[in-house]
Amino acid sequence: MMFNILVVETTGKYDSAAVITDDGRVFCASSQTEMNHLRDIITISDEAIRKAGITKKDLTHVAASRGPGSFTGIRIGVTTARTTGQMLGIPCIGISSLESLAEGALDEAVASGALYIAPIINARRHQTYAGVWKACFTSDYEQKTLIDEMEERQYMIEELTDKLIAAASEDGGRVLFTGDGIDAYRDIIEEAFKAAGMENQLLFAGEDIRYQDAEPAARLALREAAAGRVLGYSELLPEYMRLSEAEQRLREGTLSDKIRKAGRI
Amino acid sequence: MKDGKHLTLGIETSCDETAVSVVADGREILSNIISTQIDIHTQFGGVVPEIASRRHLENINGCIDRALSEAGVSIDEIDLVGVTYGPGLVGALLIGVAAAKSIAFACDIPLVGVNHMHGHIAANYLEHHDLEPPFMSLVVSGGHTNIVNVPDYNRCEKIGGTRDDAAGEAFDKVARVIGLGYPGGPKVDKAAREGDRDAIAFKRVWLEPGSYDFSFSGLKTQALNYLNTERQAGREINVNDVAASFQEAVVEVIAEKAVCAAEEFGQKRIVMAGGVASNTRLRELISQKAAARGIDVLRPSPILCTDNGAMIASAAYYAYRAGERSGYDLDAVPALEF
């Protein structure tokens with residue numbers, strides 16, 4: 001089976017696209033300006049396809065990073081992948097932006113001897129979208145596995161840091177943080193590790209691999225395609241990891257107050 | 001192309017309607033799929049942008065499929081993709097634009113971005129197959145109140161607009177306060193039919209002489225103050241009378257200004273567009289005033305007054321014929337001007 005997979009990653013500040021072929025070669029293109037996802041998405045997808053030396057008719061799958069991350073960005077990538085899959089009659093693949101960040105940090109984890117990889121995406125007000133993977137060095141190639149107690153979800157940064165400190169103090173493993181949550185919460189993380197006397201177990205990913213990018217997402221997409229984990233276009237859905245504010249209020253029963261106030265001007 | 005006809009796929013997602021349509025030669029509707037979210041937003045008392053965006057994403061591809069299958073065409077037979085790129089809610093617009101660009105790219109079909117307001121006017125080409133510019137247009141919807149001179153298919157010259165609230169917004173607000181709920185326009189319209197439009201003397205805001213602009217915020221405040229005063233005095237409020245009197249104050253000014261504009265610009269026709277164009281009393285009043293001055297009034301049927309993909313397809317078709325094309329860098333422009 002031949003694979004030519006188009007992958008779009010629009011959940012962070014910059015959007016990027018990649019084409020991965022079945023020999024694992026990845027051809028990337030990315031936007032040079034911040035938050036221009038909608039404007040640039042097709043242009044960079046086209047560029048990645050051309051770099052791969054194929055045409056869009058040669059694509060076998062289309063994958064999108066489905067979140068978490070910028071709600072707007074997620075929607076642009078997922079809509080583009082769904083519609084491209086629908087039009088070309090090819091299956092879709094959904095990729096977790098967090099797993100993609102962990103994948104992108106794997107080489108650095110291995111090089112620096114980190115056991116835990118913790119991608120954190122800034123969700124404002126001490127909140128973060130995160131998950132923690134454990135790096136494994138036992139086989140010929142590097143792997144990582146998501147830790148059950150620290151699955152992908154929304155965490156307060158303090159809560160996540162405490163969980164990581166507890167795990168790492170037990171086995172002495174080092175923790176590599178990655179993702180744009182570093183830019184927001186670096187001080188909080190550093191203080192917590194210092195207070196636990198574990199500064200030497202704390203690492204932050206370099207800026208070159210810290211942000212969402214289509215290249216590691218493409219490697220994950222190839223694995224998904226090879227394993228047959230594909231979706232029809234209507235099944236590819238965003239992973240916002242959070243309800244809209246209005247839905248939260250409806251659930252909490254605080255919505256009616258807001259509406260009544262709005263009604264009074 | 002199918003049977004010698006040029007086919008346009010029109011996509012509209014600027015607010016709370018996910019809509020896709022196939023139109024032949026800019027005039028003939030082959031399919032018109034409208035997936036409304038009104039039930040979802042009703043529980044929140046109005047459109048919640050984040051929820052609208054999420055629903056558009058879930059709905060859009062199914063709507064595209066249905067539009068093609070109901071029209072009995074395949075995507076290979078589509079000659080043009082038209083899409084609303086503004087004005088509207090940015091998160092809602094971008095779903096349509098992302099989908100339209102993906103179709104254009106994947107299938108090598110030309111793309112034209114359409115101004116939502118031009119689309120509302122173009123809805124009339126679908127209803128009245130002989131209608132051609134020039135004419136005067138009155139575009140009244142939830143977010144817009146405009147008088148527009150239309151000298152040809154691809155020019156829309158705004159000669160008057162609202163300085164504060166749109167007519168639809170004023171309806172929504174008053175409807176909410178008198179307990180009619182959302183969406184306000186149709187509910188005020190219905191209640192007003194049972195009420196006395198002279199019961200309460202709400203002011204008519206004409207602004208300075210010769211102006212085709214509108215202002216409804218003062219009227220809205222007057223209505224809210226009236227309701228407060230009555231409630232404080234312990235008097236019972238007749239909802240139907242408030243609706244009828246308030247509606248009259250809004251539509252009388254709109255109708256009069258539209259007719260004056262047509263007269264001044266020498267237009268023999270007024271073409272109504274937008275959701276509020278379905279308002280019963282506005283239609284009645286503008287027809288009376290126009291008839292007295294020898295002016296015809298045209299309007300689309302209610303289904304074409306709401307947001308729909310067919311009107312976008314029609315507007316895209318005429319823009320395309322005039323040589324307009326959008327690139328793959330087409331972006332959503334939430335505050336797009338007329």
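The values are calculated or read from the model by the stated rules, or taken from the named source; none is laboratory data. In this text, all values refer to a predicted model and were calculated from it rather than measured experimentally. As a convention, Cβ positions derive from the backbone with ideal geometry for all residues, glycine included, and neighbour counts pool all protein chains shown.
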Exercise for the section: Name the one entry in A:Ala217, A:Ala195, A:Ala168 that is outside the structural domain of A:Thr10 (by TED's automatic domain parsing) and in contact (Cβ under 8 Å) with a residue 40 or more places away in the chain. Expected result: A:Ala168
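So if I check each of A:Phe193, A:Phe177, which one is more than 14 Å from chain B (Cβ to nearest Cβ) and in a strand (DSSP E or B)? Break it down into steps so the answer makes sense when it comes.
On the way: A:Phe193 fails: in a strand (DSSP E or B).
Exactly one of A:Phe193, A:Phe177 is more than 14 Å from chain B (Cβ to nearest Cβ) and in a strand (DSSP E or B), namely A:Phe177.
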Problem - Single residue of the stretch B:106-119 satisfying the filter (part of a helix (DSSP H, G or I), touching a Leu at 6+ places or on another chain (Cβ under 9 Å) and buried (at least 24 other Cβ atoms within 10 Å of the Cβ)) that is farthest from the other protein chains (Cβ to nearest Cβ) - result: B:Met117
Exercise for the section: Go through (1) of a type outside the set (Lys, Arg); (2) surrounded by 20 or more Cβ atoms within 10 Å (Cβ to Cβ); (3) within 16 Å of A:Arg210 (Cβ to Cβ); (4) modelled with pLDDT of 95 or more one by one and return the number of the condition A:Asp183 breaks. Expected result: (2)
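B:Tyr226: among the hydroxyl-bearing types (Ser, Thr, Tyr) and either surrounded by 21 or more Cβ atoms within 10 Å (Cβ to Cβ) or within 15 Å of B:Ile147 (Cα to Cα) (or both), yes or no? Walk me through it before giving the result.
Values: among the hydroxyl-bearing types (Ser, Thr, Tyr): yes; either surrounded by 21 or more Cβ atoms within 10 Å (Cβ to Cβ) or within 15 Å of B:Ile147 (Cα to Cα) (or both): no.
No; evaluated as a whole, the condition is false for this residue.
Can you say whether A:Ile93 is in the same structural domain as A:Gly228 (by TED's automatic domain parsing) and either without any contact (Cβ under 8 Å) to a residue 40 or more places away in the chain or within 30 Å of A:Thr83 (Cα to Cα) (or both), as far as the supplied structure shows?
Values: in the same structural domain as A:Gly228 (by TED's automatic domain parsing): yes; either without any contact (Cβ under 8 Å) to a residue 40 or more places away in the chain or within 30 Å of A:Thr83 (Cα to Cα) (or both): yes.
For A:Ile93, the condition - in the same structural domain as A:Gly228 (by TED's automatic domain parsing) and either without any contact (Cβ under 8 Å) to a residue 40 or more places away in the chain or within 30 Å of A:Thr83 (Cα to Cα) (or both) - is met.
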Practice task
Tell me, please, whether a residue that is assigned to a helix (DSSP H, G or I), away from chain A (no Cβ under 14 Å) and at pLDDT 95 or above can be found in the stretch B:126-147.
Solution key: yes
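Can you find a residue in the stretch A:16-27 that is more than 10 Å from chain B (Cβ to nearest Cβ), under 17 Å from B:Ser53 (Cβ atoms) and in a loop (DSSP other than H, G, I, E, B)?
Of all residues in the stretch A:16-27, those more than 10 Å from chain B (Cβ to nearest Cβ) come to A:16-27.
Remaining after also requiring under 17 Å from B:Ser53 (Cβ atoms): none.
No.
Could you run through the stretch B:165-179 and say how many residues are part of a helix (DSSP H, G or I) and touching a His at 6+ places or on another chain (Cβ under 8 Å)? I'd like the intermediate steps shown before the answer.
Initial filter on the stretch B:165-179 (part of a helix (DSSP H, G or I)): B:167-177.
If we keep only those that are touching a His at 6+ places or on another chain (Cβ under 8 Å) too, we end up with B:168.
Residues that pass the stated criteria total 1.
Being modelled with pLDDT of 95 or more and crowded, with 24+ Cβ neighbours inside 10 Å narrows it down to one of B:Ala71, B:Ala100, so name that one. Reasoning before the result, please.
Values: B:Ala71 fails: crowded, with 24+ Cβ neighbours inside 10 Å.
Only one candidate passes the filter, namely B:Ala100.
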Completion exercise
For B:Ala273, the lone unmet condition from (1) assigned by TED's automatic domain parsing to the domain that holds B:Ser35; (2) under 16 Å from B:Ser14 (Cβ atoms) is (1)
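Each row is one residue, and each column tells you yes or no for (1) modelled with pLDDT of 95 or more; (2) buried (at least 21 other Cβ atoms within 10 Å of the Cβ).
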position: A:Ser30; (1), (2): yes, no
position: A:Asn36; (1), (2): no, no
position: A:Thr84; (1), (2): yes, yes
position: A:Ser100; (1), (2): yes, yes
position: A:Ala118; (1), (2): yes, yes
position: A:His126; (1), (2): yes, no
Handout entry: the stretch A:233-246 residues that are facing chain B (nearest Cβ under 9 Å) and at pLDDT below 95, paired with ones that are surrounded by 15 or more Cβ atoms within 10 Å (Cβ to Cβ) and in a loop (DSSP other than H, G, I, E, B) (beta carbon under 8 Å, 6 or more apart)
Key = A:Ser244/B:Val48; A:Ala246/B:Phe44; A:Ala246/B:Val48
